[in-house]
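Below is one structure, written out as structure tokens; the observations come after it.
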Amino acid sequence: MNDFLNVTDKIYAGCAQYVPDMRSDVRAMFASKDSSGQVPTESQPFVAYRGQEVVGRVVGVVNHKANNTWKTRHVRFSMIEFIDDLEVSKALLAAVAEWGKTRGMERLQGPMGVTDFDKEGMLIEDFDLRGSMTAYYNPDYYPRHMEQLGFEKEADWLQVRINIPKEIPARYQRVAQYAREQFGLKVKKANRQEVLKGDYGQKIFMLLNEAYAPLFGFSAFSPKQAQTFLNKYVPLFNMDMIPLIENEQDELVGIAVTMPSLTEALQKSRGRLWPTGWYHLLKALKWKHKDNTEMLVVAVRPDYQGLGVNALFFDDLIPIYNKNGIKWAETGPQLEDNVRELTQWKPLHPQIVKRRRCWGKSIEY
């Protein structure tokens, strides 16, 4: 596992764009066991060596829930890293394919994670832009290797950058007011106790399961997965930057999860909490926010899409961003064919950046 973690030090030495994962999180990912007796996913990390030298890594993932949902037999590859040597990338992907074959899988697909909150997609454009804590950064030779190894495009994601305006755009103000008057929608700010100990946490994930169900490769979050995410991340959030939208019956119909960027703090920590990584993260979270924010999640219940929920998000968040000195924001990856999601940013004059790709290839038997 040390070799699995340390290979990135070599590949990204001197790379100003790379943002590391917290090593403790990666270790915990493979240390945790499902105590329910059920196995919704299986995973296996691999490390590539040339002699004694570590030259690459990858994780194989079989998400049984996703395969059952989409009627597929896919084995996913995740967290792939390799030096610029085709023999290395070929060996890593072959290892995952062989591991998948023993489980009856028919197609190799990735980079994909266990859940849709894991990093997905290999960067294929904008290698000069700094990465983020929610998405992969990789060298520009990675997609070339995939093409040379015969992989094909399965899906592309895009990210959106926006400059935060000083005033709420008139269109958002009008639509937000209409949503309040005609549909009885309102903004709710839950506190941490309501999310962690009350019923809001599970309501949020029920909404995510419903809103994201049609999206590429999605599999529903279980209550146990939901609680794990809530316990891990809610203590980090500024709850004022997470607007919840409710209808007249107090049903949750929309949520936007945003937070000040931790990108620079993660880079300074080099993925390690000790000896000083904790300080950089705490500083970014509590004391000195950066001038940009990451829009981690935007979800609207299907029957309320197009009814002004997104305008209510912006109507609430833009004054908060200005108050906190946030000048620009970047979304997480959004599927390129999710037109409704992408067009909601139009009044903010968005810049489309960081195209990333899921690759696929049939497994030979």
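The values are calculated or read from the model by the stated rules, or taken from the named source; none is laboratory data. Please read these numbers as outputs of a predicted model, since none were measured by experiment. Every residue, glycine among them, receives a Cβ derived from its backbone with ideal geometry; neighbour counts consider all protein chains shown. Just the protein is used for accessible areas: all its heavy atoms, side chains included, with ligands, DNA and RNA removed. Shrake-Rupley method; radii C 1.70, N 1.55, O 1.52, S 1.80 Å.
Among 51, 100, 332, the largest mean-square fluctuation in a Gaussian network model of the chain, built with springs joining Cα atoms closer than 10 Å, belongs to 51. Heavy-atom accessible surface of the chain, averaged per residue, reaches 48 Å², computed with a 1.4 Å probe. Here the chain is described by how far its Cα atoms reach on the three principal axes: 66, 43, 38 Å, from widest to narrowest.
Kindly point out which whole DSSP H helices in the chain project their C-alpha atoms 20 angstrom or further along the helix axis while averaging a Kyte-Doolittle hydropathy of -1.0 or above. Can you show the working numbers first?
Details: long enough: 86-101 (22 Å, 0.63); 309-323 (22 Å, 0.49).
What comes out of the filter, once short or polar helices are dropped, is 86-101, 309-323.
The stretch between residue 90 and residue 228, if pulled fully straight at 0.36 nm per residue, gains 46.2 nm over its current Cα-Cα span. With the helix formula -39500 (n - 2.57) applied to DSSP H stretches of n ≥ 4, the chain reaches a computed 222 nm mean residue ellipticity of -10000 deg cm²/dmol. Loop-located GluC sites (Glu not before Pro) in the range 113-220 (DSSP state other than H, G, I, E, B) with a sparse environment of at most 16 neighbouring Cβ atoms within 10 Å: 125, 167. Placing R0 at 56 angstrom, the Cβ-Cβ distance between residue 6 and residue 181 gives a FRET efficiency of 0.45 after rounding to 0.05.
FRET efficiency for the pair residue 264 and residue 365, taken as 1/(1 + (r/R0)^6) with r the Cβ-Cβ distance and R0 = 56 Å, rounds to 0.75.
Extension gain for the segment residue 98 to residue 209, taken as residue separation times 0.36 nm less the Cα-Cα distance, is 36.8 nm to one decimal.
The GNM of the chain, with springs linking C-alpha atoms under 10 angstrom apart, assigns the highest mean-square fluctuation among 254, 201, 150 to 150. Over all Cα atoms in the range 1-135, the spread is summed up by Rg and Dmax: 15.2, 45 Å.
From the Cα gyration tensor of the range 62-155, with a ≥ b ≥ c the square roots of its eigenvalues, which class applies: rounded if a/c is under 1.5, or else prolate if a/b is larger than b/c, or else oblate? Taking the square roots of the gyration eigenvalues as a ≥ b ≥ c, the range 62-155 is oblate. Checking the cross-link pairs 166/323; 189/224; 71/101; 186/224 against a 20 Å limit on the alpha carbon distance flags 189/224; 186/224 as lying beyond it. With the simple model of a label 7 Å out from the Cα in the direction of the Cβ, residue 141 to residue 166 spans 4.8 nm.
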